[in-house]
Structure formats: C-alpha cells, structure tokens
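Q: The structure follows.
The values are calculated or read from the model by the stated rules, or taken from the named source; none is laboratory data. Quick caveat, the model's predicted, so the values are computed rather than measured. Glycine gets a Cβ as well: all are built from the backbone with ideal geometry, and neighbour counts include every protein chain shown.
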Amino acid sequence: MNNADGSGGLVVLAVDDELPALEELEYLLGQDQRIGTILTASNANDALRMITTRERRRDGAAPLPIHPVSGVPLARSTDVDVVFADIRMPGLNGLEFADVLKKMAAPPAIVFVTAHDDKAVDAYEIGVVDYLLKPLRSARLRSAVDRVLSTRSAPASEGGQLDGGSGDDEVIPVELAGTTKLVPRSAVRYVEAQGDYARLHTNDNRSHLVRIPLSVLEERWRDAGFVRIHRSYLVALALVTELRANGSGYVVRLGNGPETAELPVSRRHTRELKDKLVRDPKHAWSQR
C-alpha cells in the first residue's frame, strides 16, 4: 500500500494487482490537478483495510462490522472520494469489492479500470460512475474525474451513481475506434435491442452500440420518460408525435420531417402506450 498525500483536491484510491498498471494509473491520476491525495493498494482486501483506517469515526460508535469473506472491518463512511479499481484481482474481485463499498452509509464513487469489456453490464447494474478500458489514456481518465465531480454536486440516486436520477441527464460512454464519446440520455430518441447489446439512436441521426441489455435501460430510464413499445424497442415518450393502426398492429412516429422514425408497437404494449400518451400533458399527438 502507498499513500501519496497532496494538498486539497479529491482523495483517490487506486487498486490493481499488476504493479505496472497500478503505477501507470497512479502517474496519470497525479497529472490531474483536481486530485490531491492518491492512495494505492495491490488487492481489494488491502484497499478495504485502508478505507477502514480512514473511516470518519464518531465518539462512542459501535464496533465496525466484519466482512464475512475477507475478515476486514467495514467502514461506515470514509474520506476517500473515489476508488479506481481493476475487476480481475485475486481474493475479492472488483465487482465484489464494489458491492462491499456500496453497502457503506456514504460510499465513495467507483470507477472500474480493466482490460476486459465483458463486465460492463454488471458494472452498470452496480452503479459505477465510469468503466475505463486499458490501455488508459489521460483524456479518458480526465473525463472519468469529470463524472465523479458531477455526481458529487448532484443528489445521489437509488441504485448507484451512474444513473443521476430522473432530474439529471445520465451520460453513456460509447467506445468507437479508440475514442470515447459521452452520449447524454436526452440526445437518445429510441433504443433498439441487438442481442445482449443495445443500439442508441440519437437526435443527430447517428447510432451507437453499447453492451447494455435493453431490459436494463428500460428499468433505469423508466422515470426519465422512456417506455417499452416492443421487445426490440424503447422510445422517449415525449418524442412520440403519432400512434396509428398499421394492418394488424400499430406503429409510432417519432418527430417530423426528414428525421422521422416509425417503429412497430407490439400488441402487449399497445394499451400501456395509449394510456401513457393520454395521461401525458407535455405533447400533442394524434391517433388514427
């Protein structure tokens, strides 16, 4: 374990069992002037011990609970602002480590730093702030710190920091040819299921494939005005301009003019969609 203290700024804990990767992460974090203290640990058990030693203890507080697997006392709160952790580590892996942290009364923000993209869905469901792929780039790391700071300035939502709640505009990181683009939820017109992936269709007539199942987005975006209309489609209700019969079923129209999109509505979702449209006072629509 290492403790490199700075003056002011975020208190960051970097966790990776591979020393070269840990040293690179520590170096890149040190280039960001918004970060004041960088702590390092080579595994999740050591990281938990470090967090516990930095717990904000109260006089007369009850003894700390013990984690059943690691045997490490669990802090209720800590002055660590954000944890950057690998996923595949000996002992507690990154997902298990994050799950322990989320049980704290005031957990730090969590960012995964990994060479594997197959755990992005699990990370999303836990509620991590960001998911970075190795090899790290300083610009991508800075954007993760941006997101950490934005979550600290906004009320935390139930289920984790990644979803800022219905009042905030969640951002989805999209990897494309080595470049990460941050797509705000407000820019998404509809989402199309593609196996275990989802394709985000945005207002600029572009699309982005993300490794997040449609069912996960349906659950997380329900309170933000997105509604399931078909097993393959999730749409922004406010953008629906028309619902009409089409042969044996219905279709919805999103928008007008050259950017219009028409999508099928399955029978099982038709009544729910009609009810939502009738109750929604925010936009005019017609049914034919």
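Q: Filter segment 221-237 down to the residues that are closer than 19 Å to V171 by Cβ, out of contact with any helix residue (DSSP H, G or I) (no Cβ under 8 Å at 6 or more places or on another chain) and either assigned by TED's automatic domain parsing to the domain that holds A123 or touching a residue at least 40 places away in the same chain (Cβ under 8 Å) (or both) and list them by number.
A: Across segment 221-237, the qualifying residues are D223, A236.
Q: While we're here: Considering only residues that are in a loop (DSSP other than H, G, I, E, B) and under 15 Å from V129 (Cβ atoms), look in segment 76-103 and name the one that is farthest from the chain's Cα centre (by Cα).
A: Filtering first and then ranking leaves V80.
Q: Next question, about the same structure. In segment 270-288, which residue that is in a loop (DSSP other than H, G, I, E, B) and surrounded by 14 or more Cβ atoms within 10 Å (Cβ to Cβ) is modelled with the highest pLDDT?
A: D280
Q: Could you check, for segment 197-215, whether at least one of its residues is in contact (Cβ under 8 Å) with a residue 40 or more places away in the chain, surrounded by fewer than 16 Cβ atoms within 10 Å (Cβ to Cβ) and not in a helix (DSSP H, G or I)?
A: Scanning segment 197-215 turns up at least one residue that is in contact (Cβ under 8 Å) with a residue 40 or more places away in the chain, surrounded by fewer than 16 Cβ atoms within 10 Å (Cβ to Cβ) and not in a helix (DSSP H, G or I).
Q: I'm told V72 meets every condition in (1) farther than 21 Å from P135 by Cβ; (2) at pLDDT 85 or above except one. Can you identify the failing condition by its number?
A: All conditions are met except number (2).
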